[in-house]
Amino acid sequence: QVQLVESGGGLVQAGGSLRLSCTASGRTVRMGWFRQAPGKEREFVATIKRSDGTTYYADSVKGRFTISRDNAKNTVYLQMNSLKPEDTAVYYCAADTLGRSDYYNDYVYRYWGQGTQVTVSS
């Protein structure tokens, strides 16, 4: 069983930045971030592999968001820059303990954080 604790959400103006953190209580193979806006389905944002740091991003955030990890702290970060109102959502941290290749699918991730709200005002 892996527990995930997120922090770092909040309210920011368009163009601003926020950094989300997620600490896992156990070993993972891959950790990712998903988000869900009101009335929309949950969508993939970014993911990072624990072993070699390989990252993948959704096209909508590429160039603006950066996912990173600190293996010693079992923590993954999501640095969000140039935020837009359409980035407003609840952001969820997720952990995959098997290392499946279809990292963009939420069913790959067995463990989930409680979610943190990110609101970007225009």
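Just name one of MET31, ASN71, ALA58: the one whose Cα is farthest towards the positive end of the charge dipole of the chain (beta-carbon charges, Lys/Arg +1, Asp/Glu -1).
Value: ASN71.
Given +1 on the Cβ of Lys and Arg, -1 on the Cβ of Asp and Glu, and no further charges, what dipole in debye does region 73-115 carry about its Cα centre, rounded to the nearest 20?
Its charge dipole is roughly 180 debye.
Which whole-Hz ³J(HN,Hα) couplings does region 11-22 yield from phi under the Karplus relation 6.51 cos²θ - 1.76 cosθ + 1.60, θ = phi - 60°, glycine and proline marked x?
Once rounded to whole Hz, the list reads 10, 9, 7, 4, x, x, 9, 9, 10, 9, 10, 8.
Output the antiparallel fraction of DSSP beta bridges having both residues in the chain, as a percent to the nearest 5.
90 percent
Any idea which of THR47, ALA89, GLN117 is furthest toward the positive side of the dipole for region 22-122, if Lys and Arg beta-carbons carry +1 and Asp and Glu beta-carbons -1?
The one lying farthest along the dipole's positive direction is THR47.
Sort 67-77, 5-15, 22-32 by the packing proxy (mean of other Cβ within 10 Å over each peptide's residues), most packed first.
22-32, 67-77, 5-15
Taking the highest mean first, how do the peptides 37-48, 109-120, 89-100 order by number of other beta carbon atoms within 10 angstrom per residue?
Ranking the peptides 37-48, 109-120, 89-100 by packing returns 89-100, 109-120, 37-48.
For the chain, give the magnitude of the charge dipole about the Cα centre (Cβ charges: +1 Lys/Arg, -1 Asp/Glu; no others), in debye to the nearest 20.
For the chain, the charge dipole is close to 260 debye.
Which percent of the accessible heavy-atom area of region 38-122 goes to carbon and sulfur, probe 1.4 angstrom?
44 percent
Spin-label point model (7 Å from Cα, Cβ direction): what's the LEU11 to SER68 distance in nm?
Going from the LEU11 label point to the SER68 one covers 2.9 nm.
The values are calculated or read from the model by the stated rules, or taken from the named source; none is laboratory data. For clarity, every value in this text was computed on a predicted model and none was experimentally measured. Virtual Cβ from ideal backbone geometry, glycine too; neighbours counted across all protein chains shown. These area figures cover heavy atoms from the full protein model, side chains too; ligands, DNA and RNA do not enter into them. Shrake-Rupley method; radii C 1.70, N 1.55, O 1.52, S 1.80 Å.
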